[in-house]
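*Asks:* One structure follows; several queries about it will come next.
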Amino acid sequence: MATRTSPAPRGQHQTRSKGASAVAGSPRSKGPAKPPAGSSAKGAGRAPAKTRQGPVTPAPRDEDQLALPLRAVRAVWMGTARVVGSGVRTFGHDVNPDRELRRDGSGFFLLLLALAVAAVEWWALSGTAADVVHAAAGGTFGWMALLVPFMLGLGAVRLFRYPERHRANNRIAIGQLVILFAGSGIAHLVGGRPGLSDGLDALWRAGGVVGFLVAGPLSSILTPWPVGVLLAAAIFLGLLIVTATPFRHIPARLRTLYEHLMGQDPDAAAARRDDGHDQSYLYETHGATAKPEPKRRKRLFGKDKPDTSANDHDQHDDGYVGDEAFERAVIEDEERRAREAESAVRPGVRRPTRQELAAEELKRSQGIGTPDRAPEREPEGATEAIDIVPAAKALIVPSTPVQPQVPPTPIPQRTEQLQLAGDVAYTLPPSDYLPAGTPPKERSEANDAVVAALTHTMDQFNVDAKVTGFSRGPTVTRYEIELAPGTKVERVTALSKNISYAVASSDVRILSPIPGKSAIGIEIPNTDRETVSLGDVLRSGNARKTDHPMVMGVGKDVEGGFVVANLAKMPHLLVAGATGAGKSSFVNSMITSILMRSTPDEVRMVMVDPKRVELTAYEGVPHLITPIITSPKKAAEALQWVVREMDTRYDDLANYGYKHIDDFNKAVRNGKVVPPEGSKRVVRPYPYLLVIVDELADLMMVAPRDVEDSIVRITQLARAAGIHLVLATQRPSVDVVTGLIKANVPSRMAFATSSVTDSRVVLDQPGAEKLIGQGDALFLPMGASKPMRVQGAWVTESEIHRVVEHVKGQLQAIYREDVAVDAPKKQIDDDIGDDLEVLLQATELVVTTQFGSTSMLQRKLRVGFAKAGRLMDLLESRGVVGPSEGSKARDVLVKPDDLAPVLAAMRGDEPSVPVQPQSQAPIDLVADDLASRAQAVDYYDGADASGSDDDGESTDAWNLTGR
Ligand SMILES: Nc1ncnc2c1ncn2[C@@H]1O[C@H](COP(=O)(O)OP(=O)(O)OP(=O)(O)O)[C@@H](O)[C@H]1O
């Protein structure tokens with residue numbers, strides 16, 4: 001059978017800085033000795049057997065310095081105590097506490113004391129020594145001294161059997177003292193209330209000195225009866241403390257006791273109770289790891305739902321039912337899931353059934369105490385299962401204290417006097433539309449179990465390293481491992497599979513080192529994940545620091561810190577991850593953040609949603625400049641419109657001499673931007689333009705070249721123009737996220753990917769394939785060298801619905817019609833069909849040679865007679881050659897200098913009929929260009945300007961109408 005080695009010694013020195021002195025002198029039965037004084041602090045804390053830094057001289061132990069007789073006495077005492085202790089441990093259920101934790105010496109002392117008091121008080125032993133004992137016990141407690149041997153005996157048994165259960169032992173001791181004191185008080189009342197002047201004998205026959213002190217003052221204020229009742233109540237309280245029985249569980253306890261006394265099968269009885277009654281009392285005293293079950297409340301249609309506040313905000317009074325965070329396809333019994341989650345971190349340790357717990361509880365109530373379950377036979381192998389060791393629990397502390405949840409103080413309401421809408425007062429949605437989430441946990445039992453598992457795994461493989469702390473985030477906890485001098489980092493990283501095995505999770509991620517720390521980080525998913533509410537993120541200090549309209553709530557990092565990001569600084573973002581990983585939820589959080597923080601004249605949006613369902617909730621918000629685009633073809637055109645819009649903005653920046661749209665807007669507000677003399681244009685600040693594409697792959701399938709061209713152009717230049725792109729895709733392959741797109745989209749948000757290749761495409765490094773989905777992400781903002789792990793903020797559909805209703809209730813969206821239709825279309829004439837390429841070659845051939853012969857086309861282009869004849873007809877219809885003149889070659893009507901526009905016309909780049917003489921094209925183009933740019937600029941002009949503007953039509957299109 002594999003022996004369980006305790007990680008306690010390691011745990012004891014894991015936080016030397018905090019508790020070294022408390023454990024430094026503790027006797028250790030294993031290992032040779034401590035390293036010599038003067039060895040490094042780190043080395044001093046290692047388990048000596050594992051240290052490979054040359055021989056160490058054993059340091060003298062405290063007991064070694066005692067005189068020989070004392071050492072002999074001590075040895076005899078401890079030897080006897082161990083023998084007695086072993087005997088006591090074999091009674092009932094065999095228990096085997098760790099040797100380092102045993103307190104046999106103290107237990108033996110209590111046992112001898114109990115025997116001495118019993119000998120005097122029960123068996124009336126006489127003699128000088130007996131008189132001393134009687135004076136001490138009887139004098140103190142009166143005839144309640146008869147109980148003292150019981151109590152001391154119980155204390156001794158617990159010290160022998162369960163020395164590590166400090167809390168339970170202390171509780172029982174306190175309960176016993178309450179009983180003893182109150183009992184002495186009653187004995188004092190019953191014994192005639194003697195005073196000190198009545199002598200010790202009288203006190204002995206009543207409640208002793210303690211009884212006198214407890215009941216004396218009370219009975220001088222009250223009559224004896226009420227005092228008696230009070231003291232009886234105190235005794236009852238003491239009993240509850242000893243048996244760890246909360247008031248509400250008294251009936252159940254009494255029933256259990258009754259069933260036991262009646263000889264009923266406790267397991268069957270427990271099973272009966274299991275059918276319908278609250279079982280939480282079973283967990284109450286079952287070690288520190290067990291928790292009472294969450295209370296359940298009955299819901300309509302007989303469904304139970306855990307009463308957690310996390311779910312409360314999913315359903316609002318508005319009756320709009322939203323979806324839930326961490327939804328699972330598998331509907332499981334909540335309780336079973338919780339049990340499994342707990343046992344998941346203790347592989348190999350079977351969780352007790354309810355019946356076993358009930359039986360154990362019963363035995364505990366008998367005063368035997370809780371027997372440790374006999375350890376399951378564990379497989380002899382490299383990685384064993386282990387139990388949580390209290391020492392490890394107590395000493396490893398979270399290295400980053402959890403950020404206190406921001407109290408839901410509302411963000412001061414911002415009211416805007418919209419310039420675009422005349423005198424409409426626009427208010428941002430109140431912050432309580434996004435309710436607070438569940439309070440974050442700093443540590444949980446699951447964390448302690450993982451610490452013990454990590455410690456044990458490193459022990460097993462003789463890796464001289466220790467867990468020095470951990471930071472608990474909402475999804476994962478990062479455990480920090482420090483190495484002893486001379487230990488290679490690779491020794492820990494090579495253990496990744498064993499660590500996965502020990503903590504029963506395949507999603508273990510190792511960071512070596514943790515950025516900014518000389519420590520290795522091991523990120524292990526929490527079995528008890530927490531949802532990060534967008535409301536909490538937007539109310540956090542980081543979000544309040546700035547009122548920039550493009551700031552969005554990203555989520556929480558591994559240390560539990562809120563992460564907010566400014567989309568304008570990114571300046572473009574690629575969001576990628578496998579299906580169901582949380583991209584759409586992230587995009588929803590992003591859009592909701594913008595709606596919560598910015599007015600339509602600060603931020604405008606173009607939303608592309610080829611999946612048709614993800615963004616429909618936002619249809620009609622006044623921040624949109626075009627209806628949500630669902631057709632990939634139109635989306636490609638919209639991107640081209642964005643390019644034109646960008647050019648327009650650049651023209652304004654260039655004309656007025658500003659480098660960034662923010663500077664330009666500031667100047668406009670300060671009245672420093674004056675339109676040229678004679679222009680009726682009213683210059684307005686440009687809003688930021690946020691273009692969100694929810695599935696890039698769909699666009700890339702329809703028009704890869706055009707989409708890539710537009711994206712590259714926008715991403716290269718749009719930063720200064722206040723235009724920002726967010727591209728989401730579930731197919732982060734190189735044909736969707738091309739090298740060119742990647743090079744120009746500097747910020748990345750990678751949700752769980754299905755392969756390491758995908759992770760490399762998104763982040764240029766592995767890591768995303770280890771994420772655990774449902775909002776778990778690696779965020780790599782522009783300029784960062786290492787990605788930051790975050791749990792994305794979560795916003796429910798119901799919350800989105802409220803925010804959108806608020807926004808739409810104030811302003812109507814007025815869409816621009818040219819966004820998705822105005823792009824120049826390449827029109828290839830029907831009669832050319834698939835022959836465009838060969839027709840272009842034929843034109844080039846005929847015009848450059850100035851020889852319009854069908855047989856030449858046959859020869860040079862290697863086509864048949866019929867095809868060459870068709871090509872010649874096409875050339876004639878486009879005015880390149882004249883009509884047929886029998887067997888003679890045709891006249892060529894286009895000079896070689898005019899070839900380019902003719903080819904362009906055939907390609908559909910220019911209007912084909914009539915063919916513009918090359919020299920006139922630029923003039924017309926310039927005129928068109930200016931007209932279209934003026935339109936785009938005036939789009940932002942106010943309603944008041946519409947009547948007087950040259951381009952009244954376009955101004956109206958941009959107008960926002962208040963409701
Ligand atoms: N930040 C989050 N917090 C909690 N749960 C989340 C979070 N993000 C996603 N989830 C859970 O994961 C589910 C799937 O998320 P989501 O729809 O955003 O994935 P997706 O990557 O957009 O998938 P697809 O590409 O198929 O649309 C959600 O319904 C929700 O239950």
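*Asks:* Calculate the translational D of the stretch 565-651 in whole µm² s⁻¹ from Stokes-Einstein, where the hydrodynamic radius comes from the Kirkwood formula applied to all Cα pairs, the temperature is 25 °C and the viscosity 0.890 mPa s.
*Replies:* For the chosen part, D equals 171 µm²/s.
*Asks:* Can you give the FRET efficiency to the nearest 0.05 for Val76 and Ser496, using r as the Cβ-Cβ distance and R₀ = 51 Å?
*Replies:* Efficiency for this residue pair is about 0.50.
*Asks:* While we're here: What is the packing order of peptides 160-172, 733-745, 709-721, 594-606, taking the mean over residues of other C-beta atoms within 10 Å and listing the highest first?
*Replies:* Top to bottom by mean Cβ count within 10 Å: 594-606, 709-721, 160-172, 733-745.
*Asks:* For the stretch 833-911, what are the per-bin percents of Cα-Cα distances with bins 10 Å wide, up to the bin holding the maximum?
*Replies:* 20, 58, 21, 1
*Asks:* How high is the FRET efficiency between Leu213 and Ala436 when r is their beta carbon distance and R₀ equals 60 Å, given to the nearest 0.05?
*Replies:* After rounding to 0.05, the efficiency reads 0.75.
*Asks:* What span do the alpha-carbon atoms of the stretch 164-215 cover on each of the three principal axes, reported in whole Å from largest to smallest?
*Replies:* 45, 16, 14
*Asks:* Could you tell me how far the Cα centroid of the stretch 438-463 sits from the Cα centroid of the stretch 869-901, in Å?
*Replies:* Their Cα centres are 83 Å away from one another.
*Asks:* Once amide H atoms are built 1.01 Å from N in the peptide plane, which residues 5 or more positions from Ala519, or in another chain, come under 5 Å H to H?
*Replies:* When sequence neighbours closer than 5 places are left aside, the close amide H contacts are Ile514.
*Asks:* Taking each pair of different alpha-carbon atoms in the stretch 72-242 once, compute 1/r for the pair, average those values, and report the inverse of that mean as the Kirkwood hydrodynamic radius in Å to one decimal.
*Replies:* 17.3
*Asks:* What's the exposure ranking of Ile235, Ile522, Ile221, Ile832, going from fewest to most Cβ atoms within 10 Å?
*Replies:* Ile221, Ile235, Ile832, Ile522
*Asks:* Also: Just for the stretch 534-812, what percent of DSSP beta bridges are antiparallel, to the closest 5?
*Replies:* Within the stretch 534-812, antiparallel bridges account for around 45 percent of the total.
*Asks:* If amide H atoms are built 1.01 Å from N in the plane of the peptide, which residues on other chains or at least 5 residues away come under 5 Å of the amide H of Val563?
*Replies:* The answer is Val554, Gly555, Lys556, Asp557.
*Asks:* Show the residues, 5+ positions off or on another chain, whose built amide H is closer than 5 Å to the amide H of Arg789.
*Replies:* Val558, Phe779
*Asks:* Let me ask you something else. Measuring from centroid to centroid over Cα atoms, what is the spacing of the stretch 526-592 and the stretch 171-230 in Å?
*Replies:* 65
*Asks:* Based on the alpha carbons, how large is the Rg to Rh ratio for the stretch 516-565 when Rh follows Kirkwood?
*Replies:* 1.07
*Asks:* Another question about this same structure. Once you have all Cα-Cα distances for the stretch 751-887, histogram them in 10 Å bins from zero and send the whole-percent values.
*Replies:* Here the calculated profile for the stretch 751-887 is 9, 20, 10, 13, 13, 17, 15, 3.
Read-outs throughout are calculated quantities, based only on the coordinates presented, and are distinct from any laboratory measurement. It should be emphasised that the depicted structure is a prediction, and the values quoted were computed from it without experimental measurement. Counting neighbours? That spans all protein chains shown, and the Cβs are built from the backbone with ideal geometry, glycine included.
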